[in-house]
1. Quick one: which of B:132-139, A:78-85 comes out on top by average Cβ neighbours within 10 Å, and what's the full order, highest first?
2. Can you compute the radius of gyration and Dmax for the protein assembly as shown, using only the Cα atoms, both in Å?
3. To the nearest whole number, what is the average tally of beta carbon atoms from other chains within 10 Å of the beta carbons of peptide B:263-272?
4. Report, as an integer, the average count of C-beta atoms from other chains found within 10 Å of each Cβ along A:69-76.
5. Tell me, Kirkwood radius of the range A:2-254 from alpha-carbon pair distances, in Å?
6. Among A:TRP24, B:TRP219, which comes first, second and so on when ranked by fewest other beta-carbon atoms within 10 Å?
7. With 10 angstrom as the radius, rank A:ARG57, A:ARG172, B:ARG127 by how many other C-beta atoms surround their C-beta, starting from the fewest.
8. Could I have the simple spin-label model distance between B:ARG143 and A:GLU201, label points 7 Å from Cα toward Cβ, reported in nm to one decimal?
Amino acid sequence: MNILINILVFVLGCLLSVGVRAAWPDDPFGSPMWAYNIERYLGSDARVVHDDRVNLRVPEFAEDSAQVPLTVDLSAFPEAPGQIVAWVDLNPVPHLFSASPGPQPLTLLALNFRVQQATTVRVAVQDREGVWHIGSRYVDAAGGGCTAPSQTMSNPDWERHFGTIRGGAFSRAEGMRYKVNVMHPMDSGMVGNIPAFFIGEVELRQGNGQPLLLSMALSESAAENPMFVFEFGQRPPRATLWLRDNNGNQFERRLGGDL
Amino acid sequence: MISARVPRILALLVAWLAGTAAAQAPEYDLAARAIAPGIWVVEGSTENFSRGNGGNIVNTAFMTTGAGVVVIDTGPSRRYGEALRALIEETTAEAISHVLITHHHPDHAFGSQAFEPATLYMLDDARAALARDGEAFADNMYRMIGDWMRGTEVVVPDNVLAPGVLEVGRRRLQIIAMTGHTGADLVVFEPLSGVLFASDMVFHNRALTTPQSPGLLGWRAELEQLAELPVTVLVPGHGPVSTDLSPLRQMADYLTWLDTLLADSARAGLSPAEVMNAPIPARFDGISERRYELVRTTTHLYPDYEKRALSLLPE
């Protein structure tokens, strides 16, 4: 009897999920995780379209599975982007980041991620109407990036460099670009005897009671010693970077340049 | 009904297995081309590793001396090494006395099992690098070329090759230790005929690779030393043999462009993905795998350029 009920629940569940998924466009890459991860990160009632204006650039193959560069260029996106969510379909923890830009239009965001195996990568950007615009790429990889010990920890004097932050501000044709490098092992917690130790919270603040330029939640798929690039379509009067890791370490730096 | 079918299915299965086993053991088609009296080169393609080419993308060479054959590099797999050895034994009756392995990359050092261990030589730093990276390279090679790698194991030569002169029979080989490509790169100059075995210090019409390169400008400076040798034939590690020094000029041009691209991009705050998509000048159209290698080089070397272009932010 119990088995019958289980089967009934399973069949109903399948029918329900088919009903929801029918509303989503097909995945051009045919990833088995397409619908599952949309539901997981955007919600089962999310409205989703493919959109090349979410210009996601990753190499076709990962030369280093622990450091795969990702750039989201939103300069062709027709409005100031809302929520941005990025994930790596076949990673043990697919989520890479969720970012909320403030009133200044975010035109570009870049960071490196890890890959555990060849996989599709997604960036979803929400518009004013609440529709998610998805850019997708496929990256081939030997893999293992999520379960390899960090290079940082194999260096006996890593603590000397821990928390060292380098940065720069770069004037663009329109707006301003910030680039920041943080020395942090970003351990995923997936390597034996090395607990999770990573920066989970990133904020770019204007100060003076002004709204945040950007707040971002990072997950285990982010690579060690992160190198962030943020570009805004208008030049903010000032910008301060604030970070916090899961051990409670906080870092705050005024970003350089002619601010 | 069922019992009558089983033997037929079995027979089909056996035939299929036998067929695939035969299909799974492709052979390298190696040819020795004479480039000077008693010196032959075995040219590979300028492609990337694939299951189609079995990693035969490399130039190996050998020469008679009157006192034993000197071999330069053993190729990407045990099967290649065995084919190379058979080719040498078809070409000359002289026994193999020295096998010089130019650096620790798999396409040059993974055929060594086919040769007597006592004949294998390598620069000391290259031996250490092979001991350190060899297993990881082997894993990657199995992934890239598959069955061609069957039976291949990493062999670290016992004999240390010292820079200077290596005298074998009538030849006095100049053993030159360089660093640009991997940190421990052997270049051999044969003064009787003027043949320069540049190995991977020189890629010709094939984009250079940088996974262990200590720096592009140091590499370029070492090439200037090679240009001073009285070279009549230049054997690059990859790409066609040349009778002039044009491959050195192509390398210097390409290294300068790469270094400038990475430095300028870092100064403009570009992300690595943007650098990987940067335009490649049309004068390099004849260089194969240039986009692929730009993606790799950006991964290997751009982070250091980026860090140098940023300033330390005080707390």
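1. Most protected by this proxy first, the peptides run A:78-85, B:132-139.
2. 27.9, 91
3. Across B:263-272, the average partner-chain Cβ count within 10 Å equals 6.
4. Details: counts 11, 3, 8, 2, 3, 0, 0, 0.
Counting Cβ atoms of other protein chains within 10 Å of each residue's Cβ and averaging gives 3.
5. Result for the range A:2-254, one decimal place: 19.3 Å.
6. Listing A:TRP24, B:TRP219 from fewest to most nearby Cβ atoms yields A:TRP24, B:TRP219.
7. The most exposed by this proxy come first: A:ARG172, A:ARG57, B:ARG127.
8. Taking the two extended label points, one gets 3.7 nm.
Readers should treat all values here as calculations from the given coordinates under stated rules, not as data from a laboratory. Just so it is clear, the structure is predicted and the values come from calculations on it, not from any experiment. Virtual Cβ from ideal backbone geometry, glycine too; neighbours counted across all protein chains shown.
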